[in-house]
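Below is one structure; the comments refer to it alone.
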Amino acid sequence: MQNRMAVKYSSTRGGESGVSLIDALFNGLAPDGGLYVPDSLPEIEFSTFHGMTFPEIAVLVLKKWIGDLIPENDLRDICHDAFFFEVPLISLDLPEGKTNILELFHGPTLSFKDFGARFMARLMRHFIAGTGKRITVLVATSGDTGSAVADGFAGMDGIRVVLLYPKGQVSPTQERQLTVKRKGVTVCSVDGSFDQCQSMVKQAFFDPELDDVKLSSANSINIGRLLPQMLYYIWTSAGFETPPLFCVPSGNLGNLTAGVMAAGTGLPTAGFLAAHNRNDFFPQWLKNCDAQFSASIRTISNAMDVGAPSNFERLAHMMTHDQLAGLIEGGAVTDSDTRQSMTRIFRMTSYPADPHTAVGVEVLRRKRSSHGEDIPCVVLSTAHPAKFPEIVEPALGTSLSSPRELLDLQTRETSVVHIPAQNEDLTRVVLSTS
Ligand SMILES: *Cc1c(COP(=O)(O)O)cnc(C)c1O
(Lines give C-alpha, C1' and ligand atoms only; values in the text may rest on other atoms or scores of the structure.)
Protein backbone atom coordinates (compact mmCIF):
# COMPACT_ATOMS: atom_id res chain seq x y z
CA MET A 1 0.00 0.00 0.00
CA GLN A 2 1.22 3.44 -0.88
CA ASN A 3 1.95 5.61 2.08
CA ARG A 4 0.62 9.06 1.42
CA MET A 5 1.66 11.09 4.42
CA ALA A 6 1.15 14.82 4.28
CA VAL A 7 4.11 17.08 5.08
CA LYS A 8 3.90 18.57 8.59
CA TYR A 9 5.05 22.00 9.69
CA SER A 10 6.95 23.65 12.57
CA SER A 11 7.23 27.22 13.77
CA THR A 12 10.48 29.02 12.99
CA ARG A 13 10.48 30.06 16.67
CA GLY A 14 10.32 26.54 18.00
CA GLY A 15 6.96 26.81 19.79
CA GLU A 16 5.21 24.18 17.68
CA SER A 17 6.05 21.20 15.54
CA GLY A 18 4.20 18.41 13.74
CA VAL A 19 1.44 20.85 12.75
CA SER A 20 -0.90 19.73 9.99
CA LEU A 21 -1.34 21.71 6.79
CA ILE A 22 -4.90 22.49 7.83
CA ASP A 23 -3.86 24.20 11.08
CA ALA A 24 -0.94 25.98 9.41
CA LEU A 25 -3.30 27.21 6.69
CA PHE A 26 -5.99 28.56 9.01
CA ASN A 27 -3.57 29.93 11.64
CA GLY A 28 -1.42 31.77 9.10
CA LEU A 29 1.13 32.73 11.73
CA ALA A 30 2.13 30.23 14.45
CA PRO A 31 0.86 31.09 17.97
CA ASP A 32 4.46 31.92 19.05
CA GLY A 33 4.66 34.55 16.28
CA GLY A 34 6.85 32.38 14.04
CA LEU A 35 6.28 31.24 10.46
CA TYR A 36 5.45 27.69 9.50
CA VAL A 37 8.22 25.78 7.73
CA PRO A 38 8.01 22.21 6.41
CA ASP A 39 9.37 19.51 8.76
CA SER A 40 10.47 17.46 5.76
CA LEU A 41 10.65 17.86 2.02
CA PRO A 42 8.98 15.28 -0.22
CA GLU A 43 10.97 13.63 -2.97
CA ILE A 44 9.69 14.54 -6.37
CA GLU A 45 10.33 12.79 -9.70
CA PHE A 46 11.17 15.77 -11.87
CA SER A 47 12.06 13.72 -14.94
CA THR A 48 8.42 12.72 -15.51
CA PHE A 49 7.00 16.23 -16.05
CA HIS A 50 8.17 16.99 -19.57
CA GLY A 51 5.21 17.67 -21.88
CA MET A 52 2.58 17.83 -19.14
CA THR A 53 0.18 20.75 -18.67
CA PHE A 54 0.51 23.13 -15.74
CA PRO A 55 -2.47 21.72 -13.80
CA GLU A 56 -1.25 18.14 -14.39
CA ILE A 57 2.15 18.95 -12.90
CA ALA A 58 0.39 20.83 -10.08
CA VAL A 59 -1.57 17.73 -9.06
CA LEU A 60 1.48 15.45 -9.08
CA VAL A 61 3.62 17.85 -7.07
CA LEU A 62 1.00 18.98 -4.55
CA LYS A 63 -0.09 15.40 -3.91
CA LYS A 64 3.38 14.81 -2.46
CA TRP A 65 2.91 17.72 -0.07
CA ILE A 66 -0.75 17.26 0.80
CA GLY A 67 -0.80 13.46 0.95
CA ASP A 68 -4.23 12.05 1.65
CA LEU A 69 -5.59 15.20 3.31
CA ILE A 70 -7.37 15.85 0.02
CA PRO A 71 -8.67 13.07 -2.25
CA GLU A 72 -6.87 13.14 -5.60
CA ASN A 73 -10.03 13.91 -7.59
CA ASP A 74 -10.74 16.94 -5.43
CA LEU A 75 -7.13 18.09 -5.71
CA ARG A 76 -7.40 17.79 -9.48
CA ASP A 77 -10.56 19.95 -9.49
CA ILE A 78 -8.89 22.52 -7.24
CA CYS A 79 -5.81 22.74 -9.48
CA HIS A 80 -7.74 22.99 -12.76
CA ASP A 81 -10.02 25.64 -11.31
CA ALA A 82 -7.20 27.64 -9.66
CA PHE A 83 -4.72 27.53 -12.56
CA PHE A 84 -7.00 27.92 -15.55
CA PHE A 85 -4.90 30.60 -17.28
CA GLU A 86 -1.86 30.51 -19.56
CA VAL A 87 1.71 30.62 -18.23
CA PRO A 88 3.70 31.69 -21.32
CA LEU A 89 7.49 31.73 -21.54
CA ILE A 90 8.59 34.52 -23.91
CA SER A 91 12.10 34.47 -25.32
CA LEU A 92 13.77 37.87 -25.84
CA ASP A 93 16.99 38.33 -27.83
CA LEU A 94 18.85 40.95 -25.84
CA PRO A 95 22.51 41.92 -26.46
CA GLU A 96 23.60 40.27 -23.20
CA GLY A 97 22.04 36.98 -24.29
CA LYS A 98 18.75 35.21 -24.63
CA THR A 99 16.40 36.16 -21.80
CA ASN A 100 13.29 34.11 -21.09
CA ILE A 101 10.40 35.99 -19.51
CA LEU A 102 8.03 33.79 -17.53
CA GLU A 103 4.73 35.67 -17.65
CA LEU A 104 2.98 34.95 -14.38
CA PHE A 105 0.38 37.68 -14.89
CA HIS A 106 -2.38 36.05 -16.92
CA GLY A 107 -4.67 35.39 -13.96
CA PRO A 108 -7.79 37.49 -13.29
CA THR A 109 -5.97 40.32 -11.45
CA LEU A 110 -2.85 40.32 -13.65
CA SER A 111 -0.11 39.56 -11.13
CA PHE A 112 1.55 36.35 -9.91
CA LYS A 113 -0.36 36.80 -6.64
CA ASP A 114 -3.32 35.09 -8.37
CA PHE A 115 -1.53 31.72 -8.12
CA GLY A 116 -1.23 31.88 -4.35
CA ALA A 117 -4.58 33.53 -3.63
CA ARG A 118 -6.67 31.31 -5.91
CA PHE A 119 -5.13 28.10 -4.61
CA MET A 120 -5.29 29.11 -0.97
CA ALA A 121 -8.96 30.10 -1.30
CA ARG A 122 -9.87 26.72 -2.81
CA LEU A 123 -7.83 24.86 -0.20
CA MET A 124 -9.67 26.68 2.62
CA ARG A 125 -13.05 26.09 1.00
CA HIS A 126 -12.23 22.39 0.66
CA PHE A 127 -11.36 22.06 4.34
CA ILE A 128 -14.42 23.91 5.64
CA ALA A 129 -16.91 22.38 3.18
CA GLY A 130 -19.52 20.35 5.03
CA THR A 131 -18.32 21.42 8.50
CA GLY A 132 -20.83 24.27 8.75
CA LYS A 133 -17.95 26.54 9.75
CA ARG A 134 -17.72 30.10 8.53
CA ILE A 135 -14.53 32.11 8.40
CA THR A 136 -13.66 35.73 7.82
CA VAL A 137 -10.39 36.42 6.03
CA LEU A 138 -8.81 39.76 6.96
CA VAL A 139 -6.15 41.36 4.82
CA ALA A 140 -4.41 44.73 4.69
CA THR A 141 -3.01 45.58 1.31
CA SER A 142 -1.15 48.29 -0.53
CA GLY A 143 -1.18 46.68 -3.93
CA ASP A 144 -1.50 43.44 -5.84
CA THR A 145 -2.26 41.16 -2.90
CA GLY A 146 -5.61 42.79 -2.15
CA SER A 147 -7.18 42.35 -5.55
CA ALA A 148 -5.80 38.82 -5.92
CA VAL A 149 -7.24 37.82 -2.54
CA ALA A 150 -10.57 39.59 -3.16
CA ASP A 151 -10.93 37.92 -6.52
CA GLY A 152 -9.58 34.53 -5.45
CA PHE A 153 -11.94 34.22 -2.46
CA ALA A 154 -15.03 35.91 -3.95
CA GLY A 155 -18.19 33.85 -3.83
CA MET A 156 -16.71 30.96 -1.77
CA ASP A 157 -19.32 29.36 0.48
CA GLY A 158 -18.59 29.93 4.15
CA ILE A 159 -15.83 32.49 3.53
CA ARG A 160 -16.11 36.26 3.94
CA VAL A 161 -13.30 38.66 3.10
CA VAL A 162 -12.65 42.04 4.71
CA LEU A 163 -9.94 43.99 2.97
CA LEU A 164 -8.31 47.24 4.10
CA TYR A 165 -6.31 49.65 2.01
CA PRO A 166 -4.87 53.10 2.75
CA LYS A 167 -7.07 55.70 1.06
CA GLY A 168 -5.28 57.68 -1.64
CA GLN A 169 -2.19 55.49 -1.55
CA VAL A 170 -2.94 53.01 -4.32
CA SER A 171 -2.93 53.81 -8.03
CA PRO A 172 -6.23 54.45 -9.87
CA THR A 173 -5.95 51.08 -11.65
CA GLN A 174 -5.26 49.29 -8.37
CA GLU A 175 -8.18 51.06 -6.71
CA ARG A 176 -10.57 49.93 -9.44
CA GLN A 177 -9.28 46.38 -9.16
CA LEU A 178 -9.79 46.45 -5.39
CA THR A 179 -13.18 48.05 -5.19
CA VAL A 180 -15.29 46.34 -7.85
CA LYS A 181 -18.21 44.62 -6.17
CA ARG A 182 -17.50 40.96 -5.39
CA LYS A 183 -19.70 38.46 -3.59
CA GLY A 184 -18.67 37.99 0.05
CA VAL A 185 -16.02 40.70 -0.10
CA THR A 186 -16.10 43.98 1.87
CA VAL A 187 -13.49 46.56 0.96
CA CYS A 188 -12.60 49.36 3.40
CA SER A 189 -10.69 52.44 2.38
CA VAL A 190 -8.98 53.58 5.55
CA ASP A 191 -8.06 57.15 6.48
CA GLY A 192 -4.52 56.21 7.38
CA SER A 193 -1.30 54.56 6.26
CA PHE A 194 -0.65 50.99 5.20
CA ASP A 195 1.05 50.35 8.54
CA GLN A 196 -2.10 51.51 10.35
CA CYS A 197 -4.20 49.15 8.21
CA GLN A 198 -1.86 46.31 9.09
CA SER A 199 -1.98 47.07 12.80
CA MET A 200 -5.81 47.20 12.71
CA VAL A 201 -5.80 43.72 11.18
CA LYS A 202 -3.37 42.45 13.82
CA GLN A 203 -5.38 43.78 16.76
CA ALA A 204 -8.62 42.27 15.39
CA PHE A 205 -7.19 38.83 16.19
CA PHE A 206 -7.06 39.82 19.89
CA ASP A 207 -10.38 41.66 20.03
CA PRO A 208 -12.75 40.02 22.59
CA GLU A 209 -15.75 41.42 20.71
CA LEU A 210 -14.74 39.21 17.79
CA ASP A 211 -14.35 36.03 19.87
CA ASP A 212 -17.24 34.38 18.06
CA VAL A 213 -15.88 35.13 14.61
CA LYS A 214 -13.32 32.71 13.18
CA LEU A 215 -10.68 35.02 11.71
CA SER A 216 -7.96 34.05 9.30
CA SER A 217 -5.41 36.00 7.31
CA ALA A 218 -4.23 35.74 3.73
CA ASN A 219 -0.95 37.62 3.72
CA SER A 220 2.19 36.36 2.05
CA ILE A 221 3.44 34.41 5.04
CA ASN A 222 0.64 31.84 4.72
CA ILE A 223 1.97 28.44 3.70
CA GLY A 224 -1.12 28.04 1.51
CA ARG A 225 0.23 30.72 -0.77
CA LEU A 226 3.77 29.36 -0.96
CA LEU A 227 2.88 25.83 -2.03
CA PRO A 228 1.39 26.83 -5.41
CA GLN A 229 4.24 29.28 -6.04
CA MET A 230 6.66 26.36 -6.32
CA LEU A 231 4.77 25.09 -9.34
CA TYR A 232 5.89 27.58 -11.96
CA TYR A 233 9.56 26.92 -11.24
CA ILE A 234 8.89 23.22 -11.73
CA TRP A 235 6.80 23.74 -14.87
CA THR A 236 9.50 25.96 -16.41
CA SER A 237 12.38 23.71 -15.52
CA ALA A 238 10.54 20.75 -17.13
CA GLY A 239 10.78 22.56 -20.48
CA PHE A 240 14.60 22.84 -20.46
CA GLU A 241 17.30 20.21 -21.04
CA THR A 242 19.78 22.25 -18.98
CA PRO A 243 18.70 23.40 -15.50
CA PRO A 244 17.86 27.13 -15.69
CA LEU A 245 18.90 30.11 -13.58
CA PHE A 246 15.84 31.90 -12.13
CA CYS A 247 15.84 35.66 -11.56
CA VAL A 248 13.13 36.64 -9.07
CA PRO A 249 11.95 40.26 -8.57
CA SER A 250 11.57 40.25 -4.78
CA GLY A 251 9.98 42.15 -1.91
CA ASN A 252 8.70 40.00 0.96
CA LEU A 253 10.70 37.07 -0.51
CA GLY A 254 7.65 34.78 -0.81
CA ASN A 255 8.33 33.93 -4.41
CA LEU A 256 11.98 33.26 -3.75
CA THR A 257 11.18 31.12 -0.69
CA ALA A 258 8.88 29.00 -2.85
CA GLY A 259 11.74 28.54 -5.34
CA VAL A 260 14.10 27.52 -2.55
CA MET A 261 11.53 25.02 -1.25
CA ALA A 262 11.22 23.55 -4.76
CA ALA A 263 15.03 23.37 -4.97
CA GLY A 264 14.96 21.44 -1.68
CA THR A 265 12.78 18.80 -3.31
CA GLY A 266 15.27 18.40 -6.19
CA LEU A 267 14.14 21.05 -8.73
CA PRO A 268 16.69 21.07 -11.57
CA THR A 269 18.08 24.61 -11.34
CA ALA A 270 21.34 26.49 -11.73
CA GLY A 271 20.34 28.70 -8.81
CA PHE A 272 18.52 31.97 -8.18
CA LEU A 273 19.06 35.68 -8.51
CA ALA A 274 17.19 37.80 -5.94
CA ALA A 275 16.40 41.03 -7.81
CA HIS A 276 15.59 44.01 -5.57
CA ASN A 277 15.01 47.73 -5.92
CA ARG A 278 16.65 50.12 -3.46
CA ASN A 279 15.10 48.12 -0.65
CA ASP A 280 18.17 45.90 -0.71
CA PHE A 281 18.38 44.29 2.71
CA PHE A 282 18.48 40.77 1.30
CA PRO A 283 21.28 41.28 -1.29
CA GLN A 284 23.25 43.01 1.50
CA TRP A 285 22.66 40.12 3.86
CA LEU A 286 23.79 37.54 1.30
CA LYS A 287 27.13 39.39 1.18
CA ASN A 288 27.33 40.04 4.90
CA CYS A 289 25.17 38.30 7.47
CA ASP A 290 25.35 41.29 9.84
CA ALA A 291 23.08 43.37 7.54
CA GLN A 292 19.98 44.75 9.28
CA PHE A 293 16.38 45.45 8.25
CA SER A 294 15.66 49.08 7.44
CA ALA A 295 12.63 51.32 6.86
CA SER A 296 11.11 50.86 3.43
CA ILE A 297 11.87 53.31 0.63
CA ARG A 298 9.25 54.22 -2.01
CA THR A 299 10.18 53.25 -5.57
CA ILE A 300 8.48 52.79 -8.95
CA SER A 301 8.52 49.00 -8.45
CA ASN A 302 6.35 49.52 -5.40
CA ALA A 303 5.24 45.92 -4.82
CA MET A 304 8.87 45.35 -3.80
CA ASP A 305 9.14 48.27 -1.37
CA VAL A 306 9.82 46.16 1.69
CA GLY A 307 12.49 47.03 4.25
CA ALA A 308 11.89 44.00 6.47
CA PRO A 309 10.92 41.05 4.23
CA SER A 310 8.42 38.85 6.07
CA ASN A 311 9.66 35.58 4.59
CA PHE A 312 13.27 36.22 5.55
CA GLU A 313 12.74 34.46 8.89
CA ARG A 314 11.53 31.40 7.00
CA LEU A 315 14.42 31.35 4.52
CA ALA A 316 17.00 31.82 7.27
CA HIS A 317 15.41 28.98 9.23
CA MET A 318 15.35 26.53 6.32
CA MET A 319 19.01 27.00 5.39
CA THR A 320 22.22 28.47 6.79
CA HIS A 321 23.65 31.74 5.51
CA ASP A 322 26.33 29.87 3.56
CA GLN A 323 23.83 27.50 1.97
CA LEU A 324 21.62 30.40 0.89
CA ALA A 325 24.58 32.40 -0.39
CA GLY A 326 25.63 29.35 -2.41
CA LEU A 327 22.23 29.02 -4.03
CA ILE A 328 21.18 32.66 -4.41
CA GLU A 329 22.99 35.73 -5.65
CA GLY A 330 21.49 39.15 -4.92
CA GLY A 331 21.33 42.35 -6.92
CA ALA A 332 19.68 45.73 -6.48
CA VAL A 333 18.92 48.57 -8.88
CA THR A 334 17.68 52.18 -8.66
CA ASP A 335 14.53 53.68 -10.19
CA SER A 336 16.58 55.26 -12.93
CA ASP A 337 18.09 51.82 -13.76
CA THR A 338 14.55 50.42 -13.81
CA ARG A 339 13.27 53.10 -16.21
CA GLN A 340 16.27 52.62 -18.50
CA SER A 341 15.72 48.87 -18.39
CA MET A 342 12.06 49.25 -19.52
CA THR A 343 13.12 51.63 -22.32
CA ARG A 344 16.00 49.42 -23.47
CA ILE A 345 13.99 46.20 -23.54
CA PHE A 346 11.21 47.90 -25.50
CA ARG A 347 13.57 49.51 -28.04
CA MET A 348 15.38 46.26 -28.70
CA THR A 349 12.54 43.77 -28.68
CA SER A 350 9.24 45.75 -28.57
CA TYR A 351 8.47 43.94 -25.33
CA PRO A 352 6.70 46.07 -22.70
CA ALA A 353 8.04 44.97 -19.31
CA ASP A 354 6.40 46.20 -16.11
CA PRO A 355 8.70 47.93 -13.57
CA HIS A 356 9.11 44.80 -11.40
CA THR A 357 10.04 42.61 -14.36
CA ALA A 358 12.42 45.33 -15.58
CA VAL A 359 14.26 45.17 -12.23
CA GLY A 360 14.67 41.43 -12.82
CA VAL A 361 15.95 41.79 -16.38
CA GLU A 362 18.49 44.42 -15.28
CA VAL A 363 19.80 42.38 -12.34
CA LEU A 364 20.12 39.37 -14.64
CA ARG A 365 22.02 41.46 -17.22
CA ARG A 366 24.54 42.44 -14.55
CA LYS A 367 24.98 39.03 -13.00
CA ARG A 368 24.62 36.49 -15.78
CA SER A 369 28.29 36.54 -16.84
CA SER A 370 29.27 34.78 -13.60
CA HIS A 371 27.15 31.81 -14.72
CA GLY A 372 27.90 29.57 -17.70
CA GLU A 373 26.97 30.88 -21.14
CA ASP A 374 24.86 27.82 -21.94
CA ILE A 375 22.68 28.17 -18.88
CA PRO A 376 19.11 29.16 -19.77
CA CYS A 377 18.06 32.31 -17.90
CA VAL A 378 14.47 32.88 -16.78
CA VAL A 379 13.12 36.13 -15.31
CA LEU A 380 9.87 35.79 -13.40
CA SER A 381 7.53 38.45 -14.78
CA THR A 382 5.40 39.30 -11.78
CA ALA A 383 2.81 41.75 -13.16
CA HIS A 384 1.19 42.96 -16.38
CA PRO A 385 2.60 46.32 -17.56
CA ALA A 386 -0.92 47.75 -18.03
CA LYS A 387 -1.31 47.72 -14.22
CA PHE A 388 1.22 50.57 -14.07
CA PRO A 389 0.50 52.83 -17.06
CA GLU A 390 1.68 55.97 -15.18
CA ILE A 391 5.20 54.52 -15.03
CA VAL A 392 5.43 52.26 -18.05
CA GLU A 393 4.00 54.54 -20.77
CA PRO A 394 6.47 57.43 -20.30
CA ALA A 395 9.38 54.95 -20.23
CA LEU A 396 8.28 53.28 -23.46
CA GLY A 397 7.15 56.50 -25.13
CA THR A 398 3.92 54.86 -26.22
CA SER A 399 0.56 53.98 -24.79
CA LEU A 400 -0.31 50.44 -23.78
CA SER A 401 -3.46 48.65 -24.76
CA SER A 402 -5.44 47.42 -21.77
CA PRO A 403 -6.12 43.71 -21.44
CA ARG A 404 -9.72 42.54 -21.23
CA GLU A 405 -9.45 41.99 -17.47
CA LEU A 406 -8.87 45.72 -16.93
CA LEU A 407 -11.38 46.93 -19.53
CA ASP A 408 -14.12 44.82 -17.96
CA LEU A 409 -13.57 46.56 -14.63
CA GLN A 410 -14.63 49.91 -16.10
CA THR A 411 -18.19 48.74 -16.52
CA ARG A 412 -18.55 46.98 -13.17
CA GLU A 413 -20.17 48.45 -10.10
CA THR A 414 -17.85 49.38 -7.23
CA SER A 415 -18.48 49.17 -3.51
CA VAL A 416 -16.28 50.56 -0.76
CA VAL A 417 -16.73 51.49 2.92
CA HIS A 418 -14.76 54.49 4.17
CA ILE A 419 -13.55 54.11 7.75
CA PRO A 420 -11.19 56.00 10.08
CA ALA A 421 -8.00 54.22 11.19
CA GLN A 422 -9.72 53.06 14.39
CA ASN A 423 -9.85 49.51 15.67
CA GLU A 424 -13.51 49.78 16.69
CA ASP A 425 -14.52 50.73 13.15
CA LEU A 426 -12.97 47.57 11.76
CA THR A 427 -14.66 45.56 14.53
CA ARG A 428 -18.02 47.01 13.48
CA VAL A 429 -17.43 46.12 9.81
CA VAL A 430 -16.34 42.57 10.66
CA LEU A 431 -19.39 42.02 12.88
CA SER A 432 -21.75 43.34 10.23
CA THR A 433 -20.36 41.04 7.51
CA SER A 434 -19.76 37.80 9.43
C1 LIG B 1 4.23 40.92 -4.51
C2 LIG B 1 5.00 41.33 -5.72
C3 LIG B 1 6.41 41.17 -5.81
C4 LIG B 1 7.24 40.68 -4.65
O5 LIG B 1 7.01 39.34 -4.36
P6 LIG B 1 7.46 38.71 -2.95
O7 LIG B 1 6.97 37.34 -2.96
O8 LIG B 1 6.84 39.57 -1.89
O9 LIG B 1 8.96 38.80 -2.91
C10 LIG B 1 7.03 41.49 -7.00
N11 LIG B 1 6.33 41.97 -8.05
C12 LIG B 1 4.99 42.16 -7.99
C13 LIG B 1 4.31 42.73 -9.17
C14 LIG B 1 4.28 41.83 -6.85
O15 LIG B 1 2.96 42.03 -6.79
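The values are calculated or read from the model by the stated rules, or taken from the named source; none is laboratory data. What you see is a predicted model; the values in this text were computed from it and never measured. All Cβ positions, glycine included, derive from the backbone under ideal geometry; neighbour counts span all protein chains shown.
Table for the structure above
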quantity: Matching entry among Ser111, Ser91 (being hydroxyl-bearing (Ser, Thr, Tyr) and surrounded by fewer than 21 Cβ atoms within 10 Å (Cβ to Cβ)); calculated: Ser91
quantity: Residue that is farthest from the ligand (Cβ to nearest atom), among those in the range 315-325 that are closer than 23 Å to Asp39 by Cβ and assigned to a helix (DSSP H, G or I); calculated: Asp322
quantity: Residue tally, condition charged (D, E, K, R) and more than 21 Å from His317 (Cβ to Cβ), over the range 1-42; calculated: 1
quantity: Out of Asp32, Asp81, Asp23, sole residue that is among the acidic types (Asp, Glu) and farther than 21 Å from Phe127 by Cα; calculated: Asp32
quantity: Yes/no for Pro228 being within 21 Å of Ala121 (Cβ to Cβ), more than 12 Å from the ligand (Cβ to nearest atom) and not aliphatic (A, V, I, L, M); calculated: yes
quantity: Selection from the range 133-152 of residues that are of a type in the set (Gly, Ala, Ser) and either out of contact with any Asp or Glu (no Cβ under 8 Å at 6 or more places or on another chain) or surrounded by fewer than 24 Cβ atoms within 10 Å (Cβ to Cβ) (or both); calculated: Ala140, Ser142, Gly143, Gly146, Ser147, Ala150
quantity: Residue within the range 393-401 that is touching a strand residue (DSSP E or B) at 6+ places or on another chain (Cβ under 8 Å) and modelled with pLDDT under 95 present; calculated: no
quantity: Filter pass, Thr349 being within 16 Å of the ligand (Cβ to nearest atom) and touching a residue at least 12 places away in the same chain (Cβ under 8 Å); calculated: no
quantity: Within the range 352-398, tally of residues that are surrounded by 24 or more Cβ atoms within 10 Å (Cβ to Cβ), in a loop (DSSP other than H, G, I, E, B) and away from the ligand (no atom under 12 Å from the Cβ); calculated: 0
quantity: Odd one out for Asp195 among (1) surrounded by fewer than 20 Cβ atoms within 10 Å (Cβ to Cβ); (2) in contact (Cβ under 8 Å) with a residue 12 or more places away in the chain; (3) charged (D, E, K, R); calculated: (2)
quantity: Cross-chain or 6+ apart pairs with Cβ under 7 Å, the range 242-268 first and under 28 Å from Thr299 (Cβ atoms) and within 14 Å of the ligand (Cβ to nearest atom), then part of a loop (DSSP other than H, G, I, E, B) and among the acidic types (Asp, Glu); calculated: Gly251/Asp305
quantity: Search result, residues across the range 365-423 that are farther than 16 Å from Ser301 by Cβ and under 23 Å from the mean Cα position of the chain (by Cα); calculated: Cys377, Val378, Ser402, Pro403, Arg404, Glu405, Leu406, Leu409
quantity: Of all residues making up the range 18-39, the number that are part of a loop (DSSP other than H, G, I, E, B) and either modelled with pLDDT under 95 or surrounded by 18 or more Cβ atoms within 10 Å (Cβ to Cβ) (or both); calculated: 8
quantity: Tally of residues being away from the ligand (no atom under 16 Å from the Cβ) and at pLDDT 95 or above across the range 290-314; calculated: 3
quantity: Ser199, sole failed condition from (1) within 12 Å of the ligand (Cβ to nearest atom); (2) over 15 Å from the mean Cα position of the chain (by Cα); (3) of a type in the set (Ser, Thr, Tyr); calculated: (1)
quantity: Near pairs, Cβ below 6 angstrom, 6+ apart or cross-chain, from the range 308-320 (more than 11 Å from Thr12 (Cα to Cα)) to any residue that is more than 12 Å from the ligand (Cβ to nearest atom) and assigned to a loop (DSSP other than H, G, I, E, B); calculated: Ala308/Phe293
